[in-house]
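Reviewing the structure listed below.
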Amino acid sequence: MSTVQLNTDVVLGVAIPLRNARGRIGRLGPVLDAVLANHGYPPAIEKLLAEALTLTALLGSLLKEPQGQLTLQAQTGGGIIDLMVCDYLGGELRGYVRHDPERLAGAPDQPSLNELFGNGYLAITFDQPVANERYQGIVPLEGKNLGEAAQSYFAQSEQIPSLVRLAAEKRGENWFAGGLLLQHLPEGEEGRERLHTRLDHPDWPHVAILGGSVKARELTDPELPLDDLIWRLFHEEDELRTIEAISLSRGCRCDPDYVRSVIARFPADEREAMVGDDGLIRVDCAFCSSSFAIQPNELT
């Protein structure tokens, strides 16, 4: 049994073998505050990014390689948001949103997915460098919320029956977000000849109904351990397994030495054009809002 605490900043694996189902349940707390702290986003954007980071954690924890990376990107056509990017690497999360403040000010307090993204699309990229495997699925951003958009991704891109529930709320001064991902296993996944996934498998509606009964306040409650919540949902099953939990943290891979090495690769005339009035080359990281001031003579 994992010794990782199961209340916040963690993802827990779940399996219901006799129902041919598996999934992940997760909750974020301090990690969200750390990611959001430097951006000053309006509440609607903070809530969206909190849900997106939770979804990223659920999907990233599916990677088999510790070095694997999961990137979630939503880009829009005519929406309030121009770009949203989140990624997961080794349990570390980062993310940011680029949006139009004026358009957001004229929107409802809780804008719909269409109002936020317009005719946008959702791209999810799984990258496993050791196995030299990279897969990307791209689908329209459809549904009432980000959870429904993710379900549409699995239905269209991978043809796997899936349930996704996401929730986020601010309790006092702190954000909490939780999510549940359940999927129907392809028949033969557990040690038998692998067959196709049956979209009409009789066990799946049962799993989806029970999983879909989870309440938003249960997903975001930092006092409710995730294993207790899963047991609350599926306690009538003959067999319910939890799989080793993964701790989550905020992580950004921006690094002054790396930034210098990238800029040093540009031709001298292009580096000269980057120099500001103060004689420095400044590079900003959208993920963590850090700014790097680089002396041009450090690049020679």
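The values are calculated or read from the model by the stated rules, or taken from the named source; none is laboratory data. All values derive from a computational prediction rather than experimental measurement. As a convention, Cβ positions derive from the backbone with ideal geometry for all residues, glycine included, and neighbour counts pool all protein chains shown.
Things to note:
- Residue ranges of strands (runs of 3 or more DSSP E) in the range 218-300 with at least 1 members closer than 19 Å to Val14 by Cα and among the basic types (Lys, Arg): 241-247
- Any hit, the range 86-101, residues being of a type in the set (Phe, Trp, Tyr), at pLDDT 95 or above and in the same structural domain as Asn38 (by TED's automatic domain parsing): yes
- Looking across the range 250-267 at every residue that is of a type outside the set (D, E, K, R) and touching a Leu at 6+ places or on another chain (Cβ under 7 Å), the one that is nearest to Asn7 (Cα to Cα) is identified as Gly251.
- For the range 126-170, filtering for residues that are more than 22 Å from Arg27 (Cα to Cα), in a strand (DSSP E or B) and not charged (D, E, K, R) leaves 7.
- Among the residues making up the range 117-139, those that are hydrophobic (A, V, I, L, M, F, W, C) and within 30 Å of Pro101 (Cβ to Cβ) are Phe117, Leu122, Ala123, Ile124, Ile138, Val139.
- Scanning the range 65-79 for any residue that is among the hydrophobic types (A, V, I, L, M, F, W, C), surrounded by fewer than 22 Cβ atoms within 10 Å (Cβ to Cβ) and in contact (Cβ under 8 Å) with a residue 60 or more places away in the chain turns up nothing.
- Failed item, numbered, when Val214 is tested on (1) outside any helix (DSSP H, G or I); (2) among the hydrophobic types (A, V, I, L, M, F, W, C); (3) free of Cβ contacts under 8 Å to residues at least 40 places away in the same chain; (4) surrounded by 14 or more Cβ atoms within 10 Å (Cβ to Cβ): (3)
- Pairs where the first residue, in the range 106-123, is over 17 Å from Ile138 (Cα atoms) and the second is in a helix (DSSP H, G or I) and not small (Gly, Ala, Ser), C-beta under 6 Å, 6+ apart: Ala107/Glu115
- Residues in the range 234-264 that are of a type in the set (Ser, Thr, Tyr) and crowded, with 16+ Cβ neighbours inside 10 Å: Thr242 only.
- Among the residues of the range 261-272, not a single one is out of contact with any helix residue (DSSP H, G or I) (no Cβ under 7 Å at 6 or more places or on another chain) and in contact (Cβ under 8 Å) with a residue 40 or more places away in the chain.
- Restricted to the range 22-56, and to residues there that are out of contact with any Phe, Trp or Tyr (no Cβ under 6 Å at 6 or more places or on another chain) and among the hydroxyl-bearing types (Ser, Thr, Tyr), the residue that is farthest from Ala105 (Cα to Cα) is Thr54.
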